[in-house]
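The values are calculated or read from the model by the stated rules, or taken from the named source; none is laboratory data. Because the structure is predicted, anything quoted here is derived from the model rather than measured. Please note: Cβ atoms are built from the backbone with ideal geometry, for glycine as well, and neighbour counts cover all protein chains shown. Note: accessible area is taken over every heavy atom of the protein model, side chains too, but ligands, DNA and RNA are not part of it. Shrake-Rupley method; radii C 1.70, N 1.55, O 1.52, S 1.80 Å.
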Amino acid sequence: MSWWDLGEWTGFPGHELATYMVVCAFCGEKGNFEITQHLERKKPGGESKKLNYDTLKCGHCGNYMFAFWSADAMGIGGRGMHDFKLLPWHRSTTDHPKHWPSDVGNYWVEARRSIEGKNWTAAALMARSAVQLVARAHGATGNNLKEEIDDLAAKGLILPSMKEFAHEVRVLANEGTHPQPGTKGTSEKDANDVVEFLSFLMTVMYNLPEQIKVYRKRKG
Ligand SMILES: [Zn+2]
């Protein structure tokens, strides 16, 4: 992969920069930008690929962001897709990918925001509930979450290595979500572990199938 591949395989629909998706890194306002400078560079060799370098000005707070972006080579002319990288980027999570179910997506947003706010116990609780929602949405059965995750593996829906990973994540392997008096709450490491597992799970269950769908559509 090189930067010339940006936008070729993943990204957003269309061949114009999706400023409607951009969240201001400074004030959090979404999709309110003016492009104050545009530079571009065509790929040497006469291909229709080009890299774009745009300066965005937030219409709400007036700060500037830099967008580096490119449309896929087939996309010039109105089809296809593009992808972008931002500097600086908004530091807190506000949204989940559209192709995720909204119930688990909202839990993931709260888990991520709790991590960003260093609320480890809340993050772990949200992530654990999200994993449970995903398992149940895929018909997993069992007496506890550990058994439900094992059942996902037995059904061939997650890799054996993911099942083993789940067993190493304390928040998933332990039965207790009911707080005991005197509890110290969840540690930073345990909270990060379970949120990381949730992100892997979302990739396997929802991102990969979506990427395959998009790829097939492009091929057809
Ligand atoms: Zn702003």
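Let me check I've understood the local charge: for TRP89, count other residues with C-beta under 15 angstrom from its C-beta, Lys and Arg +1, Asp and Glu -1. What total comes out?
-1
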(request) Could you work out, for region 102-219, what percent of all Cα-Cα pairs fall into each 5 Å distance bin, beginning at 0 Å and stopping at the bin that holds the largest distance? (result) 2, 12, 21, 23, 19, 12, 6, 3, 1, 1, 0, 0
(message) Given the DSSP H assignment, sum -39500 (n - 2.57) over each helix run of at least 4 residues in the chain and divide by its residue total; what's the result at 222 nm in deg cm²/dmol, nearest 500?
(response) -11500 deg cm²/dmol
(request) For region 13-30, just list the computed ³J(HN,Hα) in residue order, Karplus coefficients 6.51, -1.76 and 1.60, θ = phi - 60°, integers in Hz, with x standing in for Gly and Pro. (result) x, x, 10, 10, 4, 7, 4, 5, 8, 7, 9, 4, 5, 9, 10, x, 5, 9
(message) Given a 1.4 Å probe and heavy atoms of the protein chains only, how would you sort LYS98, LYS43, LYS184, largest accessible area at the top?
(response) LYS184, LYS98, LYS43
(message) Please enumerate, by chain and number, the lysines with C-alpha under 23 Å from the C-alpha of LYS85, excluding those fewer than 8 residues away in the same chain.
(response) LYS30, LYS42, LYS43, LYS49, LYS50, LYS57, LYS98
(request) Taking 7 Å along the Cα-to-C-beta vector as the label spot, tell me the GLU34-TYR64 distance in nanometres, rounded to one decimal. (result) 1.4 nm
(message) Give me the dipole magnitude in Debye, nearest 20, for region 102-219 about the Cα centre, with unit charges on the beta carbon: positive for Lys and Arg, negative for Asp and Glu.
(response) 600 debye
(request) Evaluate the Debye formula for the chain with equal point scatterers sitting on the alpha carbons, no solvent, and hand back log10 of I(q)/I(0) at q = 0.14 Å⁻¹, in q order, two decimals. (result) -0.97
(request) Mind giving me the FRET efficiency for LYS50 and GLU164? R0 is 35 Å, r the Cβ-Cβ distance, nearest 0.05 is fine. (result) 0.20
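Compute the orientation-averaged projected area for region 3-87 from the convex hull of its Cα atoms and round it to one decimal in nm².
Working: hull surface 20.9 nm².
Here the figure is 5.2 nm², rounded to one decimal.
Given a 1.4 angstrom probe, I'd like the percentage of the accessible area of the chain that is carbon and sulfur, rounded to a whole number.
53 percent
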(message) Could you tell me the extents of region 45-175's C-alpha atoms along the three principal axes, largest first, rounded to whole Å?
(response) 58, 37, 24
(request) Mind putting a number on the dipole of the chain about its Cα centre? Charges go on the C-beta only, +1 for Lys and Arg and -1 for Asp and Glu, and I need it in Debye to the nearest 20. (result) 560 debye
(message) With angles folded into 0 to 90 degrees, how steeply does helix 145-154 sit against the dominant principal axis of the chain? Use alpha carbons for both and round to 10.
(response) 60 degrees
(request) Show which lysines lie in cross-link reach of LYS118 when reach means a straight Cα distance below 22 angstrom and same-chain residues fewer than eight apart are skipped. (result) LYS184, LYS189
(request) Using only Cα atoms, tell me the angle between helix 102-116 and the longest principal axis of the chain; keep it within 0 to 90° and round to the nearest 10. (result) 90 degrees
